[in-house]
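Worksheet for the structure shown next.
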């Protein structure tokens, strides 16, 4: 019997750290795009992350399942490996050629709304309550306001509709991979994170060859950027994601998607001197209110525990 999600102070710290890391990834990716094509950026970061995590995993004796895995467990691993990195990375890389960045951002925020009803039926302990639903809806509205009108503007591209479906498909992949990951039996977190990255590498590298051909020769600066993308927002963040999903559950993990746009905007203003949107304060208030409302029970238990 799978244990109910356990949301602790460490859980909150980990999703805050993940939001900060992924919020800053957009800026680093922009730099990488000056010297590398989109699919090869995805392939480079995933394969580098897989190499790093494999080296770490080897120090633990390549532990994975605590009991012999079934065919269902192995099939689930393949599914998670594809839908947690390779497939959504590819869908986004293709889809963002035809949609606005705002629509892509709203699509990623929709991960939480996709997970909520699915987890109610397929994940023990993730009951969909009125308060939780209202909180997620308020948070989504906050993200939409933050992104602004460009979230629904049209690019006029011939393949815009297909591009939008690709972005929604990527969001669905993230949602489904989290749900299936939570349902896995007892497993080593480092081993799981590594296996998922290896599977993703096996998928994304041939895809990059098919779509973009032989990769361009990157400069030393671009190599450093790709190494950073592989080490921090892919390897380290993937490990943290596994820890959060396996302990606190996929619904709690999906709250990261509401925080990432906030960090992206704030870091863009701080580092790139981009103007802060006038809606930032109201958006942030709605996002925080939505998170607090949806996780009211977990927050109450956390504060009560700290006071005793």
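The values are calculated or read from the model by the stated rules, or taken from the named source; none is laboratory data. Fair warning: this is a prediction, and the values are worked out from it, not measured in the lab. Note: ideal-geometry Cβ built from the backbone for every residue, glycine included; neighbour counts use all protein chains shown.
Odds and ends about this structure:
- Among the residues listed as 135, 105, 139, 125, the single one being under 22 Å from residue 160 (Cα atoms) and in contact (Cβ under 8 Å) with a residue 60 or more places away in the chain: 105
Conditions (1) modelled with pLDDT of 95 or more; (2) crowded, with 20+ Cβ neighbours inside 10 Å; (3) in contact with a helix residue (DSSP H, G or I) (Cβ under 7 Å, 6 or more places away or on another chain); (4) under 19 Å from residue 117 (Cβ atoms), marked per residue:
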| residue | (1), (2), (3), (4) |
| --- | --- |
| 167 | no, yes, yes, no |
| 170 | no, yes, yes, yes |
| 208 | no, yes, yes, no |
| 211 | no, no, yes, no |
| 215 | no, no, yes, no |
| 219 | no, no, no, no |
| 233 | no, yes, yes, no |
| 249 | no, yes, yes, yes |
| 260 | no, yes, yes, no |
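- Filter pass, residue 54 being modelled with pLDDT of 90 or more and closer than 15 Å to residue 230 by Cβ: yes
- Residue in segment 181-189 that is in a helix (DSSP H, G or I) and closer than 24 Å to residue 104 by Cβ present: yes
- In the set (1) buried (at least 17 other Cβ atoms within 10 Å of the Cβ); (2) at pLDDT 85 or above, the condition left unmet by residue 281 is number (1).
- Qualifying residue in segment 76-84 (condition: buried (at least 20 other Cβ atoms within 10 Å of the Cβ), at pLDDT 90 or above and closer than 27 Å to residue 275 by Cα): no
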